[in-house]
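Chemist: The structure under discussion is supplied below as structure tokens; questions concerning it will follow.
The values are calculated or read from the model by the stated rules, or taken from the named source; none is laboratory data. Since this is a predicted model, take the numbers as computed values, not measurements. No Cβ is skipped: glycine too gets one built from the backbone with ideal geometry, and neighbour counts run over all protein chains shown.
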Amino acid sequence: MTPQPPAPRPPRSVSRSLGRLAGNRGGAVSLIFAVAMLVIIVAVGCAIDYGYAVRQRDYALGVLDTAVVTAAANLMESRAATDAARTKVASASVDSYIASSNATGLLADARTEVVTSGLGSTVTATADVSVPTSFLGIIGVDRIDFTLSSSSESTSTPYVDVTLLVDTSGSMALGATAADIDRLVANVRCAFACHDNPGADSFAWAAANGVTLRYDLIRQSVLNFADYIEDIDTVGHTRVQIYTFDDSLRRNLALTTDMVQVRANLPAAPQTSGETVGGTRWWTYADTIPGLIGGGGDGTSRAKAIKLVMMLTDGVQDPNRTWTWDTPLRDYVREFDPTVCDTLRMQNAKVGVVQVPYLDLTGDWGYDATLGMPSLLGRNGDRHADTTYALQRCGGDLYHLATSAESVVDSFKTLYARAVPPRLSR
């Protein structure tokens, strides 16, 4: 067997030096301490530098998060029609917010893009953050780098065609509250069908004496709705038209995005000049309503606008006021037929109903002779209960019972918010 060569030995001078070091305990301790201190300094420096970098990263991410949410909100207010145009708007918004937050040094190269799908848009901003070090330069690390990304999803205002279908029959001249009804009874001796006698015209007396009527609340509900649409839709996606009904169905205002026009075309005052006007001949025109509304869409474009019909009524139809002396006609004072609402939903329209119910009129001869009579639908209760049943069937999930003056004036706002949820961003 060939012998292995001996292991190499250090030169004699090195051996002597190591021997002296080994024999010098103070030198060994100094060397170990120096090495340990270097390690400790690097470790502590690393912790300090990295902790500072993380704080800077978190600050930069917070700025970026808020910047994209702000950009998404601004995007919804813009009329940008393409992703390129939307990206331009969003980029300017992100850059502006970063500058206002004094974070340009950290987020100088933020990159923004927008991707749209239907009514939804996603704003994404990405940035590379580089934080200089103070201690890690000892080991050649001059900067700590992070890549940050933040997104905000938004849903813009859909295209909606709103039809306000407002009852302006004589019953809208009833007192709005129990106190108003009491004042009418005390001064004109009735509260229901009072316009049959010109000497007891409740509408004229109420207007002259500051009594609030249902009609006053209806007008205010339209005004409040116009204000609401202006607040939530700054891009003109919502159009409103107004139809009123009593003896006939009339269009007060064609579809418009101009809420000034809505305010200028409020429902006219109820006709209370005699017994042959001011009725609610619902059965004669209800079938024409679906054709006036048309088919609904998903709201992604004007051609695919959501169709929303919101009706405000007490739900009572009658031929005219001759039932006060023509007894057989009293059976015609009854609930609406809600079939038209089913037809509207079949053509993908949304139907909402605000019921302004009759307050307690027990003891008023006109009420007792009509709505106070037993149900004509074979149900328990009276005809007034029939009206609630029919309107609930008509409105479904979008039925709203307005039992106070406040709930009447806010009723269209309430229904719209339920039918078309407000835009969101996060």
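Chemist: Quick one: how many residues across the range 84-115 are of a type in the set (S, T, Y) and surrounded by fewer than 18 Cβ atoms within 10 Å (Cβ to Cβ)?
Modeler: 4
Chemist: Another question, if that's okay. Check V63, V54, V35 and return the single one that is at pLDDT below 80 and assigned to a helix (DSSP H, G or I).
Modeler: From the options V63, V54, V35, the qualifying one is V35.
Chemist: Let me ask something else about it. Kindly indicate which of L359, L377, L371, L415 is buried (at least 21 other Cβ atoms within 10 Å of the Cβ), over 24 Å from the mean Cα position of the chain (by Cα) and not β-branched (V, I, T).
Modeler: L371
Chemist: Follow-up question, since we're still on this one. Taking G279, is it surrounded by 15 or more Cβ atoms within 10 Å (Cβ to Cβ) and on the phi > 0 side of the Ramachandran plot?
Modeler: Judged against the criteria, G279 is not a match.
Chemist: Still on this structure, I have one more. Going through the range 66-82 one residue at a time, which ones are in a helix (DSSP H, G or I) and surrounded by 14 or more Cβ atoms within 10 Å (Cβ to Cβ)?
Modeler: Within the range 66-82, T66, A67, V68, V69, T70, A71, A72, A73, N74, L75, M76 meet the criteria.
Chemist: State which residue pairs qualify: first residue under 19 Å from V354 (Cβ atoms) and inside the range 284-308, second residue of a type in the set (K, R) in any location, beta carbons under 7 Å apart, and separation of 6 or more residues or different chains.
Modeler: What qualifies is I293/K307; I306/K350; K307/K350; L308/K350.
Chemist: Within the range 105-155, which residues are small (G, A, S), more than 24 Å from V89 (Cβ to Cβ) and touching a residue at least 40 places away in the same chain (Cβ under 8 Å)?
Modeler: S134
Chemist: Exactly one condition in (1) within 27 Å of the chain's Cα centre (by Cα); (2) of a type in the set (D, E, K, R); (3) buried (at least 22 other Cβ atoms within 10 Å of the Cβ) is not met by R393; state its number.
Modeler: Of everything listed in (1) within 27 Å of the chain's Cα centre (by Cα); (2) of a type in the set (D, E, K, R); (3) buried (at least 22 other Cβ atoms within 10 Å of the Cβ), R393 misses just condition (3).
Chemist: Answer with yes or no whether Y285 is of a type in the set (S, T, Y), modelled with pLDDT of 95 or more and either assigned by TED's automatic domain parsing to the domain that holds L376 or part of a strand (DSSP E or B) (or both).
Modeler: Yes, satisfied.
Chemist: Condition (residue is more than 26 Å from A405 (Cα to Cα) and not β-branched (V, I, T)) applied to the range 257-269: is it met by at least one residue? Give the derivation first.
Modeler: Here is the first cut: in the range 257-269, the residues more than 26 Å from A405 (Cα to Cα) are 257-258.
Now restrict to residues that are not β-branched (V, I, T): 258.
Looking for residues that are more than 26 Å from A405 (Cα to Cα) and not β-branched (V, I, T), one finds at least one in the range 257-269, hence yes.
Results for (1) closer than 23 Å to G294 by Cα; (2) in the same structural domain as Y285 (by TED's automatic domain parsing); (3) at pLDDT 85 or above, shown as yes or no for each residue.
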{"residue": "L308", "(1), (2), (3)": "yes, yes, yes"}
{"residue": "Q317", "(1), (2), (3)": "no, yes, yes"}
{"residue": "T327", "(1), (2), (3)": "no, yes, yes"}
{"residue": "R330", "(1), (2), (3)": "no, yes, yes"}
{"residue": "V351", "(1), (2), (3)": "yes, yes, yes"}
{"residue": "D360", "(1), (2), (3)": "no, yes, no"}
{"residue": "Y367", "(1), (2), (3)": "no, yes, yes"}
